[in-house]
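Let me begin by presenting the structure, written as structure tokens, before commenting on it.
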Amino acid sequence: MLLIPAIDLKNGACVRLLQGEFDKKTVYSNDPAAMAVEFEEAGAKRLHLVDLDGSFDGVGANISSIRSILKNVSIPVQIGGGLRTEEDIDTMMDLGVSSVIVGTMAVKFPAVLEKLLNKYTDEQIILGVDARNRKVSIEGWKENTEIEDVKFALKWKNFGIKRVVFTDISRDGMLS
């Protein structure tokens with residue numbers, strides 16, 4: 001099993017939200033790159049980043065923090081949050097992330113995701129499945145769907161998805 005530490009970015013800071021609620025935020029550090037280095041020095045083999053501003057607003061606001069993290073660590077970095085267009089994915093790949101996590105795109109823009117699965121390797125595109133009561137949620141968990149989580153993952157497996165990051169929203173940030 002590979003444990004992957006996560007850094008959730010909000011306004012350039014490392015935060016934890018309880019079940020995705022912005023009014024239930026804890027700030028852990030104002031230096032995400034230093035936090036990433038600490039994880040790497042502690043033995044992390046990979047790092048998971050979430051651009052919460054991108055998740056909720058559809059536009060990433062943490063590009064300088066992401067650049068700084070990538071500059072300061074040598075381990076692979078995967079990122080999700082607000083990656084909804086081919087240009088968003090290309091930007092992250094050009095910055096040097098090892099892989100991107102897409103969820104909303106898979107629901108709202110499946111043709112774009114299908115194109116990206118032909119453009120990038122199966123290691124570079126990860127499906128993000130965020131579920132509340134076994135139903136997929138999108139747009140930073142603001143929009144619920146009637147799509148069943150496992151069926152959603154299996155559908156995309158048929159298109160070539162090899163890896164999934166699954167979040168049970170009811171447990172997120174609860175340390176349980």
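Key figures
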quantity: Rounded D (µm²/s) - the stretch 114-176, Kirkwood Rh over Cα pairs, Stokes-Einstein at 4 °C, 1.567 mPa s; calculated: 104
quantity: Out-of-range pairs (alpha-carbon distance over 28 Å; input Lys71/Lys157; Lys45/Lys142; Lys71/Lys119; Lys115/Lys151; Lys45/Lys108; Lys10/Lys108); calculated: Lys71/Lys157; Lys45/Lys142; Lys45/Lys108
quantity: Rule-of-thumb Rg ratio for the chain [Cα; 2.2 N^0.38 Å; N residues]; calculated: 0.96
quantity: Relative contact order, percent, the chain [alpha-carbon distance under 8 Å, six or more residues apart]; calculated: 19
quantity: Charge dipole (debye, nearest 20) of the stretch 47-176; +1 at Cβ of Lys and Arg, -1 at Cβ of Asp and Glu; calculated: 360
quantity: Accessible surface of Ser98 - all protein chains present, 1.4 Å probe, nearest 10 Å²; calculated: 40
quantity: Selection from Gly81, Val15, Thr104 lying farthest towards where the dipole of the chain points positive, charges on Cβ; calculated: Thr104
quantity: CD proxy at 222 nm, helix term only [per DSSP H run n ≥ 4: -39500 (n - 2.57); per residue of the chain; nearest 500]; calculated: -9500 deg cm²/dmol
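The values are calculated or read from the model by the stated rules, or taken from the named source; none is laboratory data. Quick caveat, the model's predicted, so the values are computed rather than measured. Quick reminder, even Gly has a Cβ in these numbers, built from the backbone with ideal geometry, and neighbours come from all protein chains shown. In case anyone asks, the SASA skips ligands and DNA or RNA and just uses the protein heavy atoms, side chains included. Shrake-Rupley method; radii C 1.70, N 1.55, O 1.52, S 1.80 Å.
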